[in-house]
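The structure appears below as structure tokens.
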Amino acid sequence: MVFDSMEEKALGYAGSRHAELGDSLGFGVDGSVWLLHSKDRNHPWAVKLFRASKPYQRERDCYLRLFECKVESVRGFAVPPLICTTTTHGLPSK
């Protein structure tokens, strides 16, 4: 599937999760971060969508390594929890 914009990709992802797309929380070279709302969850959550698979795989692997090593913060900054990826659902696993 080819997307004309990151917003279109975010709308598709939100729909696949039965969620509503909220505001854009930011963007960069590799992709963008969006807020999602769902009746199935008590709180909104953020999703990071990538333009290409290589940066996605690199970041996913970093999160998996941090999870394996039980790292919760780096230099005083909290490491956000990885809830799921497109290749895993639930807690991170390879």
Working only within segment 15-36, note down all residues that are under 15 Å from Ile83 (Cβ atoms) and touching a His at 6+ places or on another chain (Cβ under 9 Å). Ala19
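May I ask you to verify whether Ser32 is out of contact with any Pro (no Cβ under 9 Å at 6 or more places or on another chain) and surrounded by 16 or more Cβ atoms within 10 Å (Cβ to Cβ)? Break it down stepwise before answering.
Values: out of contact with any Pro (no Cβ under 9 Å at 6 or more places or on another chain): yes; surrounded by 16 or more Cβ atoms within 10 Å (Cβ to Cβ): yes.
When the stated conditions are applied, Ser32 passes them.
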Subset of segment 1-11 (residues that are surrounded by fewer than 14 Cβ atoms within 10 Å (Cβ to Cβ) and not in a loop (DSSP other than H, G, I, E, B)): Glu8
Residue pairs within 6 Å by beta carbon, gap of at least six or interchain, first lying in segment 79-90 and closer than 21 Å to Lys54 by Cβ, second surrounded by 11 or more Cβ atoms within 10 Å (Cβ to Cβ) and modelled with pLDDT under 80, listed first then second, are Leu82/Pro92
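Do you know which residues across segment 65-85 are over 25 Å from Ala14 (Cα atoms) and either in a strand (DSSP E or B) or out of contact with any strand residue (DSSP E or B) (no Cβ under 9 Å at 6 or more places or on another chain) (or both)? Talk me through it step by step, then tell me what you get.
Within segment 65-85, the subset over 25 Å from Ala14 (Cα atoms) is 65-78.
Correct list: Arg65, Phe67, Glu68, Cys69, Lys70, Val71, Ser73, Val74, Arg75, Gly76, Phe77, Ala78.
Report the residue count in segment 20-51 for those that are outside any strand (DSSP E or B), of a type in the set (A, V, I, L, M, F, W, C) and under 14 Å from the mean Cα position of the chain (by Cα).
Residues of segment 20-51 outside any strand (DSSP E or B): 28-30, 38-44, 51.
Next cut, of a type in the set (A, V, I, L, M, F, W, C) only: 29.
Imposing the further condition that a residue be under 14 Å from the mean Cα position of the chain (by Cα) reduces the set to none.
Count: 0.
Check segment 52-64 and report whether any residue there is at positive phi, outside any helix (DSSP H, G or I) and modelled with pLDDT under 95. Outline the logic, then answer.
Quick first cut of segment 52-64, residues at positive phi only: none.
No; the residues of segment 52-64 include none that is at positive phi, outside any helix (DSSP H, G or I) and modelled with pLDDT under 95.
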When both residues are 6+ apart or on different chains and their Cβ atoms are under 6 Å apart, which pairs have a first residue that lies in segment 38-62 and is surrounded by 14 or more Cβ atoms within 10 Å (Cβ to Cβ), and a second that is of a type in the set (Asp, Glu) and modelled with pLDDT of 90 or more? Phe50/Asp30; Pro55/Asp30
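The values are calculated or read from the model by the stated rules, or taken from the named source; none is laboratory data. Predicted, not measured: the structure shown is a model, and the values here were computed from it. No Cβ is skipped: glycine too gets one built from the backbone with ideal geometry, and neighbour counts run over all protein chains shown.
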